[in-house]
Every structure is written in C-alpha cells, then in structure tokens.
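The values are calculated or read from the model by the stated rules, or taken from the named source; none is laboratory data. Please read these numbers as outputs of a predicted model, since none were measured by experiment. Cβ placement follows ideal geometry from the backbone for every residue including glycine, while neighbour counts extend to all protein chains displayed. Ligands, DNA and RNA are excluded from the accessible area calculation, which covers all protein heavy atoms including side chains. Shrake-Rupley method; radii C 1.70, N 1.55, O 1.52, S 1.80 Å.
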Amino acid sequence: MRAGLSTIRQILTGGDQCTEPSPNPAVKATIEQSLNSFAAASTVATAVANSSTIGLGFRATAVGVPSRNLYLNPRLVSKQWNQTTYTSNFLDQFLKRTNTVSGFFIQGIKNNNYTSDFVPVDKPCLKETNLSLNFLPYPVKILAADNKQGILLCENRTRNHKIPRYCICKPATKQWRTMPNPKTRYYTRATAIMVLGSEPLRFKIVRFSERKSAHIMYKCEIYYNVRCEIFDSETWAWKEENDIRLPYGVYFSNSNHPSVASACGKLYWLLSGNQIFVFDLNNESWKIFSLPKSLCEKDIHHQLVEYEGRLGLVSMGKDEDCLELWVMKEFGKIKVWGKRLEISMEDIREREYHTCPTAFCNADVAIFKGFSRMMFYNFQNHKNSKDVPLELPFLYARDVFSLQSDFEDANFCWN
C-alpha cells in the first residue's frame, strides 16, 4: 500500500480531525528532516506500507536514496502516534487517500463447490472495490490470507480434480499463479500465509497436517505428532520440517480452518487444553504456552485476534451479556495479559442473538458473525456502523478471512 509522504504526514499531524501527537522533539525533527529530504530528492517519493510486523509501516523510496536503511514507521515515534493510527478516523482517511480496500471474504458451499463473497468495511465507492474470485478459471476454496498485503492462498476442490491444485492470487489486481502442492494425502490441520517483503513479493506458507499414526511415544511420554511443511516463494518449493510434538491431549481445532491470528510477525493458534501455539515464519521455529488460569474457566468461548498490532484474546461466556478483550504483552520470556475492553452484547443480541466475534477492524469497531448477518459494531459510541445481510450459501458460513489490499500489481518473484 502506498501513499504520498505529505498524505501520511497530514493525517498523522491532524490535517483531518486528528489530534496532533507530541513525540520526542528529536525524533520528530529527524522524521521531518527525512521527509523533506525525500520530497526534495524526487517528486515521486512514496511511502510503502509493507511492515509485516506492525501492518502500517512505510519506507521512503527516492532516486539515489538507499531505502532499506531509511525505514520509517509512524507507530514507532510515540505511544500516542501508535494509538492514533489504529483509530477509525485515521484508518478511514488512510484507506481513502491510498486507494486501499479493506474487508472480509466470507466462504460457503454451493452445489458442492466452495464459493466466496467480499464484504468491504466501508460502502464501496468504486466498482473495483467489489472484489471477487471470479477471475480464476475454476472454483476455489480459500485456505489462508495475508490480511496486510491482500494475498490469498487457494485450492481447486472441484469434482473433476481428485487431487487439489494450489494457487496464489491477489484479488484486487486479478493476478494469480499455480504453485506446487504439498503432500495432500495427509489431512490438513492448519494453514497460514505471511508476506515477508513486497518488492519483489516474498511470502511463506506453513501447513500442518496429521500423520496416519498421530500419536507417538517419545522419552516415555505420549505426544500428538503433527507434520510441518513450509513453502518459500524465493525457492518456489515446499520443504518438510521436523514434526511438531504436542503434549498428549493438545491438538488443533477440528474445524477445517482453525482461527489464526497474526501479530508482531508471528502466527498464533488456540489449541485444546487452553494452550496457544505460536509459529515464527522468519526463523521457522515454534513454541506453545498456556493461557492464564483466570482465563481458563469452563463454558467460555475463546478466540485469538489481532488488536492494535498485538495478540488479543476474546473471552465470552455462553449466557453472558458482555465479552472481554485481553491483550498480551511480552517482556522477554514473560507474558503479561491485561484486560483491555469490556463490550456489551445487549445491542448486538437484540439484532441477532446467536453471534460470535470474528475480528477487529480497528481499535473502535468489532466484527460479529451471526446466522443471517455480519455486523460491524462501533463499541466506542455503541452504534451498529453497518449491518450486512447474508443469504445462502453464506448463512452457515464459518470461514471468514480478513483482507486489506492496494490496487498495484504484485511484483511476484517466482521461478
């Protein structure tokens, strides 16, 4: 996603109803000097939002300027700037000024084939913001999405093909490319994709699957054994990593697409037994850790989300009138969970009783998926900002993929 440097600076410094933050004067002076030098060096200087760890990073690129060493991110300037960039007001302006679309793909089944529909966060003002997968030559099932760069991982699951065909695509530009298959004879437990760089496009995919003999004995202990495969766009090939050994009784959700949250450059899954599995695609390592005991009560629905760039946990009882959002902060090896929000469910359940939280658009708006509608609820002013009715085949749809994308061609780097 790209924007002029003056556009980013105007939004951040209160050009349109944003409160001007007060960062460290030395840091602010350095940024102003850098921005002015970039503008003087080239009339086409741009700001590129391609940070995989925060999501709204940008780096100035100008003729003769080594952009890799001049990386700027407004979220690192001050705490107030960081909070401002997650508000509805800022993000609405950012999306409009940078010609960026943000929304969710809902996936259902029709005539034994998977089908999807795109629900934008805002009412589309341009025809091209109505994204779809109709440009693909065959029906596909969405497996995973990188919600910051607008890239989808899909597979063809039609009756004419017993073995699925994997492909990668960018719906906003209608670009797609087939890719090698992993070992599809093993049942998929979880899949995720993460973009590591944008020029050229560099991404990795991780796939966890179940061996025929799922449990093994290791050092007198029983473990749940999971295969791990990683696809790297740089080599355009899959490689098999060492198996993941999870403690006995701990496993991925039985859902076809267990919810994955991407935060701080890592991928997180909620496992059984109140365990969280984290995978780092940069160094291809993993670990698990437990939820705090205070969050491990029975009959409580948990879901991992990203909130303001951090890992969040939505906690809601079956008959409770509010949900809680807990956010995790890491201090070295110490993980601290703090309750960030309490959101009343009264207004939401008046419209549809059986709903569940899906994601957060920003710091103010949460997405709820019900049986017959999706609701964009602003919990700061307690208003339903948008209500999207659902029709067949999406009434029973459980798969919802967040996506944010610009309309510039992806510079794919494949062999």
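Step by step: first the residues of the stretch 197-222, then only those that are of a type in the set (A, V, I, L, M) and modelled with pLDDT under 90, then the one that is nearest to Trp176 (Cα to Cα). Which residue is that? I'd like the intermediate steps shown before the answer.
Our first condition is that a residue be of a type in the set (A, V, I, L, M); within the stretch 197-222, this holds for 201, 205-206, 214, 216-217, 222.
From the residues that got through so far, the ones that are modelled with pLDDT under 90 too are 201, 214, 216-217, 222.
Details: Leu201: 13, Ala214: 35, Ile216: 40, Met217: 43, Ile222: 43 Å.
Restricting to residues being of a type in the set (A, V, I, L, M) and modelled with pLDDT under 90, the top hit is Leu201.
Within the stretch 304-327, identify whether any single residue is modelled with pLDDT of 90 or more and within 23 Å of Arg245 (Cα to Cα), and answer yes or no.
Within the stretch 304-327 (the criterion being modelled with pLDDT of 90 or more and within 23 Å of Arg245 (Cα to Cα)), the answer is yes, since at least one residue qualifies.
Conditions first: (1) open to solvent by 50 Å² or more (accessible area, probe 1.4 Å); (2) acidic (Asp, Glu); (3) touching a Ser or Thr at 6+ places or on another chain (Cβ under 8 Å). Glu297 passes all but one, so which condition is the exception?
(3)
Residue by residue, here is whether (1) charged (D, E, K, R); (2) in a strand (DSSP E or B); (3) open to solvent by 100 Å² or more (accessible area, probe 1.4 Å) holds:
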site: Lys335; (1), (2), (3): yes, yes, no
site: Ile343; (1), (2), (3): no, yes, no
site: Asp347; (1), (2), (3): yes, no, no
site: Thr358; (1), (2), (3): no, yes, no
site: Ala363; (1), (2), (3): no, no, no
site: Ala366; (1), (2), (3): no, yes, no
site: Met374; (1), (2), (3): no, yes, no
site: Gln380; (1), (2), (3): no, no, yes
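Checking Gln149 against (1) surrounded by fewer than 19 Cβ atoms within 10 Å (Cβ to Cβ); (2) modelled with pLDDT under 90; (3) in a loop (DSSP other than H, G, I, E, B), which single condition isn't satisfied?
Only one criterion in (1) surrounded by fewer than 19 Cβ atoms within 10 Å (Cβ to Cβ); (2) modelled with pLDDT under 90; (3) in a loop (DSSP other than H, G, I, E, B) is unmet by Gln149, namely (1).
Cβ-Cβ distance below 8 Å, separation of 6 or more or different chains: which pairs start in the stretch 348-361 with a residue that is within 24 Å of Ala261 (Cβ to Cβ) and end on one that is in a loop (DSSP other than H, G, I, E, B)?
These pairs meet every condition: His354/Phe371; Thr355/Met345; Cys361/Val121.
Which residue pairs have Cβ atoms under 9 Å apart, sit 6 or more places apart or on different chains, and have a first residue in the stretch 120-142 that is open to solvent by 70 Å² or more (accessible area, probe 1.4 Å) and a second that is in a loop (DSSP other than H, G, I, E, B) and modelled with pLDDT under 90?
Going by the 9 Å Cβ cut-off, the qualifying pairs are Leu126/Asn99; Asn130/Pro124.
Could you list all residues from the stretch 152-179 that are open to solvent by less than 50 Å² (accessible area, probe 1.4 Å) and farther than 22 Å from Ile109 by Cα? Steps first, answer last, please.
Looking only at the stretch 152-179, we keep the residues that are open to solvent by less than 50 Å² (accessible area, probe 1.4 Å), and these are 152-156, 158, 164, 166-173, 175, 179.
Selection gives Ala172, Thr173, Gln175, Met179.
Within the stretch 58-115, how many residues turn out to be hydrophobic (A, V, I, L, M, F, W, C), modelled with pLDDT under 80 and open to solvent by less than 50 Å² (accessible area, probe 1.4 Å)?
Taking the stretch 58-115 as the starting set, the residues that turn out to be hydrophobic (A, V, I, L, M, F, W, C) are 58, 60, 62-63, 65, 70, 72, 76-77, 81, 90-91, 94-95, 101, 104-106, 109.
Within this subset, residues satisfying the condition of being modelled with pLDDT under 80 are 58, 60, 62-63, 65, 70, 72, 76-77, 81.
Still in the list and also open to solvent by less than 50 Å² (accessible area, probe 1.4 Å): 58, 60, 62, 65, 72, 77, 81.
Qualifying residue count for the region: 7.
Could you look through the stretch 226-248, keep only residues that are aliphatic (A, V, I, L, M) and buried (at least 17 other Cβ atoms within 10 Å of the Cβ), and pick out the one that is farthest from Lys287 (Cα to Cα)?
Step one: list which residues in the stretch 226-248 are aliphatic (A, V, I, L, M), which gives 226, 230, 237, 244, 246.
When the remaining residues are screened for being buried (at least 17 other Cβ atoms within 10 Å of the Cβ), the result is 226, 230, 244, 246.
Values: Val226: 13, Ile230: 16, Ile244: 9, Leu246: 9 Å.
Applying the filter and picking the extreme gives Ile230.
Any idea how many residues of the stretch 273-293 are more than 15 Å from Val336 (Cα to Cα) and surrounded by fewer than 14 Cβ atoms within 10 Å (Cβ to Cβ)?
The qualifying residues number 4.
Scan (1) open to solvent by 20 Å² or more (accessible area, probe 1.4 Å); (2) closer than 19 Å to Pro120 by Cα; (3) touching a strand residue (DSSP E or B) at 6+ places or on another chain (Cβ under 6 Å); (4) modelled with pLDDT under 80 for the single condition Ala397 breaks and write down its number.
Of everything listed in (1) open to solvent by 20 Å² or more (accessible area, probe 1.4 Å); (2) closer than 19 Å to Pro120 by Cα; (3) touching a strand residue (DSSP E or B) at 6+ places or on another chain (Cβ under 6 Å); (4) modelled with pLDDT under 80, Ala397 misses just condition (1).
Being assigned to a strand (DSSP E or B) and open to solvent by 10 Å² or more (accessible area, probe 1.4 Å) narrows it down to one residue among Tyr223, Tyr251; which is it?
Details: Tyr251 fails: assigned to a strand (DSSP E or B).
Result: Tyr223 is the single residue among Tyr223, Tyr251 that is assigned to a strand (DSSP E or B) and open to solvent by 10 Å² or more (accessible area, probe 1.4 Å).
I'm told Glu240 meets every condition in (1) modelled with pLDDT of 90 or more; (2) under 24 Å from the mean Cα position of the chain (by Cα); (3) of a type in the set (Asp, Glu) except one. Can you identify the failing condition by its number?
So the condition that Glu240 fails would be (2).
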